[in-house]
Amino acid sequence: MQRSQLDRYFHRSLNVPKLVDIGFCYVPRNMTQARMIRLNAVPDSLSLPGIREMKEKDVLQVAHLFTKYAKRFGMYPIFDVDEVKHHFLSGQGQGNIGDGGPGRRKNQVTWAYVVEVINVLRTFTDVYLVGPHTHLITDFFSFYSLPSTVIGNKKHPVLEAAYLYYYACDIAFEPNAEEGGLFKRRLQALITDAFVAANQAKFDVFNALTLMDNVLILQDLKFGPGDGLLNFYLYNWRTAPLAGASAEGDVPAGRGVGVVML
């Protein structure tokens, strides 16, 4: 049995002049390119306290956080610790940042960052305790590179596109975090730092799908809708209808799908 699920790509401009030059986007009639650049500007540096690149020592905590977070969606992947290490660390490339160009290692494909709080300990009951020299990963995000060839443009032969991958915020588990807007604000701050990292690595555009919790933040973070819909095909699986690009029953858009299809 083949079932399909629709999702839509959304695009967040980073390098506006290049995107306009290659025809990826256009300057609206009531807008100037200079104003588009100002509206799509991102901060120069990462802002969340404790944010840094993910390291191998973080794998166990990231696996625990992601597993708990992913269960909030109707369909989600089950990653063991080795798979978490593979998905988020194996594509970090070789050498030091800068060896593959600004913000990049040589042959880097994936970027993964964590937010670490020091002197906090999570118990097996998920109660936070303060203690000496303890470290807690409260959030993480990742994105990957998928460049495209620009046909007929000698000045810009390649479009450098970053795609939002998996992420998680433990604030999602706090009482009334969604109803009170706390979770949305945290997710906006987390993905804004993803823009910063992508911009430092000289990506031209940052893409995201209408899955997971993305729909909450697409408009506020100035994503624009893409032209088409993405079909997810699940061969030999039968599923109930899932909330992807649109809501399904009482499930909001995006919340049915927790799997990022590459």
Q: Within region 69-108, work out how many residues are of a type outside the set (S, T, N, Q) and open to solvent by less than 70 Å² (accessible area, probe 1.4 Å).
A: 22
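The rows are residues; the columns are (1) at pLDDT 95 or above; (2) assigned to a strand (DSSP E or B); (3) touching a Gly at 6+ places or on another chain (Cβ under 9 Å); (4) not small (Gly, Ala, Ser).
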{"residue": "Tyr113", "(1), (2), (3), (4)": "yes, yes, no, yes"}
{"residue": "Asn119", "(1), (2), (3), (4)": "no, yes, yes, yes"}
{"residue": "Val130", "(1), (2), (3), (4)": "no, yes, no, yes"}
{"residue": "Thr138", "(1), (2), (3), (4)": "yes, yes, yes, yes"}
{"residue": "Phe143", "(1), (2), (3), (4)": "yes, yes, no, yes"}
{"residue": "Lys155", "(1), (2), (3), (4)": "no, no, no, yes"}
Q | helices (runs of 4 or more DSSP H) lying entirely in region 3-102 (those with 1 or more residues that are touching an Asp or Glu at 6+ places or on another chain (Cβ under 8 Å)) | A | 16-21, 59-70, 81-89
Q) For region 1-53, how many residues meet the condition of being touching a residue at least 40 places away in the same chain (Cβ under 8 Å), loosely packed, with under 15 Cβ neighbours inside 10 Å and of a type in the set (S, T, N, Q)? A) 4
Q) Does region 191-210 include one or more residues that are at pLDDT 95 or above and among the basic types (Lys, Arg)? A) yes
Q: Might you check whether a residue that is within 16 Å of Ala253 (Cα to Cα) and touching a Gly at 6+ places or on another chain (Cβ under 8 Å) occurs anywhere in region 225-237?
A: yes
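The values are calculated or read from the model by the stated rules, or taken from the named source; none is laboratory data. Given the structure is predicted, the values throughout are model-derived calculations rather than measurements. As a convention, Cβ positions derive from the backbone with ideal geometry for all residues, glycine included, and neighbour counts pool all protein chains shown. Accessible surface areas use protein heavy atoms only, side chains included; no ligands, DNA or RNA. Shrake-Rupley method; radii C 1.70, N 1.55, O 1.52, S 1.80 Å.
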